[in-house]
Amino acid sequence: MTQPRVCIATGDYYRLGETFVNRHIAEIFGGSVGVITGRYHGENPLNKPVFERRQRAGGTAALLQGLLWHIPLNTLKHGTSRLPYGQAKSDLIAFLREHQVDVILAEFGTQALALAPLANELNIPIFTYFRGTDASKQIQRPRIVKAYNKMMPRLAGVFSVSQFLLDNLARHGVTVNPNAHVVPSGVDIRRFVPGEKRPGSFLAVGRFVEKKAPQITLRAFAKAAQNHPDARLDFIGSGPLLEDCQKLAADMGVADQVTFHGQQPHEYVRQHLLTTEVFLQHSITAADGNTEGLPTAIQEALACGCITISTNHAGIPEAVEHGVNGYLVDEWDEDGFGQKIAAVLDQADRSAMATAARQTAEDKFDNDKGLSRVERIILETIERQG
């Protein structure tokens with residue numbers, strides 16, 4: 001079979017932080033032929049045809065018909081009200097036909113919910129990629145579990161960034177499509193490489209939100225750094241907990257050892273990773289059930305030879321091997337986290353762990369290999385089913 005024409009479906013286009021989605025849009029099978037998005041904000045640096053799915057169905061009469069007929073019917077039949085109907089459905093069909101779409105890859109399981117029935121109707125194979133919240137927070141709701149179970153047989157295949165997410169779907173009662181594969185998002189190991197490390201340098205990257213637990217990271221570092229005045233911690237990211245953490249750093253007397261950079265471009269993060277010795281990420285399960293998948297930031301840190309201290313959370317143990325390329329503690333174990341930070345600071349020779357970190361990335365997270373594997377699975381599935 002010649003290379004299929006793939007259309008990528010995503011919730012938002014274009015989002016800088018979703019490097020894995022943007023890579024698929026730009027590069028899969030030489031580049032996708034279009035993007036179906038829930039929300040479109042007008043930015044299109046990848047220069048792809050865009051269909052905004054959450055558009056009006058076409059006038060008051062059509063909206064009323066949807067509320068009275070299409071939405072209840074879709075909810076009953078498919079477990080979700082997200083399916084396009086009316087003029088929106090007609091326009092989406094025209095978009096798919098115009099661009100001669102052979103395959104749809106829905107980034108995040110929740111996007112596949114909206115498109116699987118239509119893809120089946122048009123005889124277009126559809127795959128989905130579970131990445132985190134779609135297989136953790138979302139499945140706390142019984143109606144999503146029900147909808148996923150209706151969706152799974154309609155999919156040609158499933159990808160996940162970690163085995164944890166597939167297992168978590170099963171734990172919550174979802175019968176996962178048998179054509180399921182673990183393919184981490186990966187990292188460009190040719191750009192993310194070890195640089196000249198700054199002794200005693202630590203870095204945390206991510207939004208200042210509950211599941212990243214930045215206060216735990218900060219308090220643990222502050223305690224460990226008491227006997228290491230030369231240790232430095234950089235935070236890159238923004239979010240609702242940022243101001244609290246800035247105040248906490250001052251209250252704990254480590255404001256001169258901690259720098260808050262705010263939200264920064266991806267290249268800014270890369271430059272810091274090159275020279276950082278230790279990467280910190282104390283991920284926890286949020287109160288609403290939200291978890292990581294397998295954080296891209298950790299994969300990038302390993303590629304840059306950063307010793308990684310993290311938690312036994314979601315897919316992280318699939319990347320960080322305790323005592324080999326980093327350390328793992330249980331979620332919420334602030335004292336243990338601080339002890340591992342202190343252990344690294346007290347470790348005279350850190351080169352072996354740094355080398356192991358880089359080797360892990362080369363072996364597991366080369367995104368060129370990952371993309372090739374996704375393409376191969378799609379092709380083999382189409383040929384087998386076609």
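Note on residue 212: accessible area is roughly 40 Å² with a 1.4 Å probe, heavy atoms of protein only.
From the protein chains alone at 1.4 Å, what is the descending order of accessible area for 85, 40, largest first?
On the way: 85 35, 40 70 Å².
These residues rank, largest area first, as 40, 85.
Summarised as an ellipsoid, the range 321-386 has semi-axes of 39, 16, 6 Å, derived from the eigenvalues of the Cα gyration tensor scaled by 5 and square-rooted, with the largest first. Straight-line cross-link partners of residue 369 among the lysines, defined as a Cα under 17 Å from its Cα and at least 8 positions apart when in the same chain, are absent.
Restricting to Cα pairs below 8 Å that are 6+ residues apart, what does the relative contact order work out to for the range 273-315? Please round to a whole percent. For the range 273-315, the relative contact order is 55 percent.
With every protein chain in place and a 1.4 angstrom probe, the accessible-area ranking of 160, 372, largest first, reads 372, 160. Of the residues 120, 26, 260, the one whose Cα sits farthest toward the positive end of the charge dipole of the chain, with +1 on the Cβ of Lys and Arg and -1 on the Cβ of Asp and Glu, is 120. Relative contact order of the chain, taken over Cα pairs closer than 8 Å and 6 or more residues apart, is 15 percent. Annotation: amide H-H contacts under 5 Å for residue 181 (H modelled 1.01 Å from N, sequence separation of 5 or more, or interchain): 158, 159, 160.
The fraction of accessible area contributed by carbon and sulfur in the range 161-291 is 51 percent, rounded to a whole number (1.4 Å probe; ligands and nucleic acids excluded).
Residues 141, 376, ordered by accessible area of protein heavy atoms at a 1.4 angstrom probe radius and largest first, appear as 376, 141.
Filter the cross-link list 247/340; 89/212; 89/364; 247/364; 211/247 down to pairs whose alpha-carbon distance in this structure exceeds 31 Å. 89/212; 89/364; 247/364, as the Cα separations exceed 31 Å there.
When ligands, DNA and RNA are left out and all protein chains stay put, how many square angstrom of accessible area per residue does the range 121-183 have with a 1.4 Å probe?
Accessible surface, normalised per residue, equals 38 Å².
In the context of the full protein assembly, residue 335 retains an accessible surface of approximately 100 Å², using a probe radius of 1.4 Å and ignoring ligands and nucleic acids. What are the lysines whose alpha-carbon lies under 18 Å from the alpha-carbon of residue 150, with same-chain residues fewer than 8 places away excluded? Cα-Cα hits under 18 Å: 77. Note that the range 288-295 has calculated 3J(HN,Hα) couplings of 8, x, 5, 10, 6, x, 9, x Hz, one per residue in order, obtained from phi through the Karplus relation 6.51 cos²θ - 1.76 cosθ + 1.60 (θ = phi - 60°); glycine and proline are x.
A Cβ-based charge dipole, computed about the Cα centre of the range 147-276 with Lys and Arg at +1 and Asp and Glu at -1, lands at about 440 debye. Here the relative contact order of the range 104-207, from alpha carbon pairs under 8 Å that lie six or more residues apart, stands at 23 percent.
The values are calculated or read from the model by the stated rules, or taken from the named source; none is laboratory data. Predicted model, so just to flag it, every value in this text is computed and none were measured. So basically every Cβ, Gly included, is an ideal-geometry build from the backbone, and we count neighbours across all protein chains shown. We work out accessible area using only protein heavy atoms, side chains counted, and drop any ligands, DNA or RNA first. Shrake-Rupley method; radii C 1.70, N 1.55, O 1.52, S 1.80 Å.
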